[in-house]
Amino acid sequence: MQPVYEAKLKKLQENFQTLKSEFKWEHSLNQHLVALNYVMNDKVLNPERLKEAKAFVKENTGFFSPFRGNNLFTICGLIVSEKDLPHSRLKAMIDMVPMAKKAGFKRGYYLPIALYTLEKVYKGENRETFLNKAHLLYKEMRNHHPFLTGGDDYALAILLTNHGSGSEVIERNYRVLNASGFSKSNGLQMMSHILSFSDVDVTIQAERCKNIYETLKANKLKLYSDYYSAVALMSLLPEDNTPDLIEIAHYLNRQKGYKWLGKGMNVLIASALIAGESVNQAENGMVSATLQISIQSVIAAQQAAMIAATSAATTAAAASASS
């Protein structure tokens, strides 16, 4: 294994164990996601700063705020691992709730994820107009796939609006990918969104995705559609990193605390680590600035998908415990 990935994996496991010890009552999937973000941002984990951020949100929101509950730890963890002044960013997100609701986004689990994404990628000044455009794109997505599109697509609508992608591009991607053998599903829709960040013709991208998928399958890492996003992300990178992806995923599958996550989630984590390293290389001038921005946007999309997945899992676990 490359030394850079050995170091990242060591830090990832250390972060997870620290979070598991300091935040015992948080769902393990949320702990894994936050641990990953610290590694990707090359930040030293400070549990006290995370606790302060959680307290700040509680002080500035009501009991029924969508920022509370399962979202609280995850959103605070993501922001603290990215920003030196997280409270100002959290306050900006909280203050944007009325504007987002006015644009048409519903209050609920997925609104904080959307606002986190907005704060992460949007550099303009007119957020009201931007949110209106993003919700219009979301409605177009929902018109095309009413049974697949839900609140977990809010963040993707924001990312795609920021990138300038339209629903017609997404739909063409969806059709071509399906014709290439990927099953119709929410995962395929996510895949079609991610490929919208590429300037390469979708038929070429679909072929790359198929090759990566088949290579994973041949190496005992067959993915369910929920994890198609990892394949799409890897297809955007300038080099074939599939051997690294396989090696890291197999390594995680053998580690305590990661084995139970399953092959799909570990492939997803591995793809994020590899893509994050590609961003680092981009910053050193090794890949184009356009690709760097695309990779960053896709990583943000993948984070949104992982947050949505952990929210669904923790909600299901809570419902099971109460029944």
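State which residue is most open to solvent (accessible area, probe 1.4 Å) when the search covers only the stretch 195-246 and only residues that are among the hydroxyl-bearing types (Ser, Thr, Tyr) and without any contact (Cβ under 8 Å) to a residue 40 or more places away in the chain.
Among residues in the stretch 195-246 that are among the hydroxyl-bearing types (Ser, Thr, Tyr) and without any contact (Cβ under 8 Å) to a residue 40 or more places away in the chain, the one most open to solvent (accessible area, probe 1.4 Å) is Thr203.
Would you mind stating whether Ser28 is touching a residue at least 40 places away in the same chain (Cβ under 8 Å) and either within 29 Å of Arg107 (Cβ to Cβ) or among the hydrophobic types (A, V, I, L, M, F, W, C) (or both)?
It is true that Ser28 is touching a residue at least 40 places away in the same chain (Cβ under 8 Å) and either within 29 Å of Arg107 (Cβ to Cβ) or among the hydrophobic types (A, V, I, L, M, F, W, C) (or both).
Any idea how many residues of the stretch 154-173 are under 15 Å from Lys139 (Cα atoms) and modelled with pLDDT under 85?
So the count comes out to 2.
Only one of these conditions is not met by Leu36: (1) touching a Lys or Arg at 6+ places or on another chain (Cβ under 9 Å); (2) at pLDDT below 95. Which number is it?
Among (1) touching a Lys or Arg at 6+ places or on another chain (Cβ under 9 Å); (2) at pLDDT below 95, Leu36 violates only (1).
Quick check, is Phe73 out of contact with any Asp or Glu (no Cβ under 7 Å at 6 or more places or on another chain) and either open to solvent by 20 Å² or more (accessible area, probe 1.4 Å) or assigned to a helix (DSSP H, G or I) (or both)?
Criteria not met by Phe73.
Tally the residues that are closer than 13 Å to Leu233 by Cα and of a type outside the set (A, V, I, L, M, F, W, C), restricting the search to the stretch 185-199.
Here the count works out to 5.
Whether any residue in the stretch 52-70 is out of contact with any His (no Cβ under 9 Å at 6 or more places or on another chain), touching a residue at least 60 places away in the same chain (Cβ under 8 Å) and of a type outside the set (Phe, Trp, Tyr) is what I want to check.
No, the conditions are met nowhere in the stretch 52-70.
Residue by residue through the stretch 247-263, note down the ones that are closer than 24 Å to Gln189 by Cα and surrounded by fewer than 20 Cβ atoms within 10 Å (Cβ to Cβ).
Matches in the stretch 247-263: Leu261, Gly262, Lys263.
Taking the residues in the stretch 10-31 that are closer than 19 Å to Pro112 by Cβ and open to solvent by less than 50 Å² (accessible area, probe 1.4 Å) as candidates, determine which candidate is modelled with the highest pLDDT.
Applying the filter and picking the extreme gives Phe23.
Can you tell me which condition Phe67 does not meet? The list is (1) in contact with a helix residue (DSSP H, G or I) (Cβ under 7 Å, 6 or more places away or on another chain); (2) in a helix (DSSP H, G or I); (3) not β-branched (Val, Ile, Thr), and all the others hold.
Exception for Phe67: condition (2).
Any residue at all in the stretch 76-87 that is surrounded by 14 or more Cβ atoms within 10 Å (Cβ to Cβ) and touching a Ser or Thr at 6+ places or on another chain (Cβ under 8 Å)?
No, there is no match, as no residue in the stretch 76-87 is surrounded by 14 or more Cβ atoms within 10 Å (Cβ to Cβ) and touching a Ser or Thr at 6+ places or on another chain (Cβ under 8 Å).
Could you grab the pairs with beta carbons closer than 8 Å, sequence gap of 6+ or different chains, first residue in the stretch 119-138 and more than 13 Å from Asn162 (Cβ to Cβ), second one basic (Lys, Arg)?
Between residues of the stretch 119-138 that are more than 13 Å from Asn162 (Cβ to Cβ) and residues that are basic (Lys, Arg), the close pairs are Glu128/Lys102.
Hey, could you check the stretch 33-56 for residues that are farther than 30 Å from Ala249 by Cβ and within 22 Å of the chain's Cα centre (by Cα) and say which is most open to solvent (accessible area, probe 1.4 Å)?
Restricting to residues being farther than 30 Å from Ala249 by Cβ and within 22 Å of the chain's Cα centre (by Cα), the top hit is Lys54.
Of everything in the stretch 177-186 that's open to solvent by 10 Å² or more (accessible area, probe 1.4 Å) and within 23 Å of the chain's Cα centre (by Cα), which residue is nearest to Asp153 (Cα to Cα)?
Asn186
Going by the conditions given, is Glu52 under 26 Å from Met265 (Cβ atoms), out of contact with any Phe, Trp or Tyr (no Cβ under 6 Å at 6 or more places or on another chain) and of a type in the set (Asp, Glu)?
no
Are any residues in the stretch 90-110 out of contact with any His (no Cβ under 8 Å at 6 or more places or on another chain) and either modelled with pLDDT under 90 or outside any helix (DSSP H, G or I) (or both), and if so, which ones?
Met96, Lys106, Arg107, Gly108, Tyr109, Tyr110
Please find, within the stretch 122-160, the residue that is most open to solvent (accessible area, probe 1.4 Å) out of those that are within 20 Å of Ala92 (Cα to Cα) and of a type in the set (Ser, Thr, Tyr).
Only one residue fits best here, namely Thr129.
The values are calculated or read from the model by the stated rules, or taken from the named source; none is laboratory data. The shown structure was predicted, so the numbers you read here are calculated from the model rather than taken from an experiment. Cβ: placed from backbone, ideal geometry, glycine included. Neighbour counts: every protein chain shown. Calculation scope for accessible area: heavy atoms of the full protein, side chains included, ligands and nucleic acids excluded. Shrake-Rupley method; radii C 1.70, N 1.55, O 1.52, S 1.80 Å.
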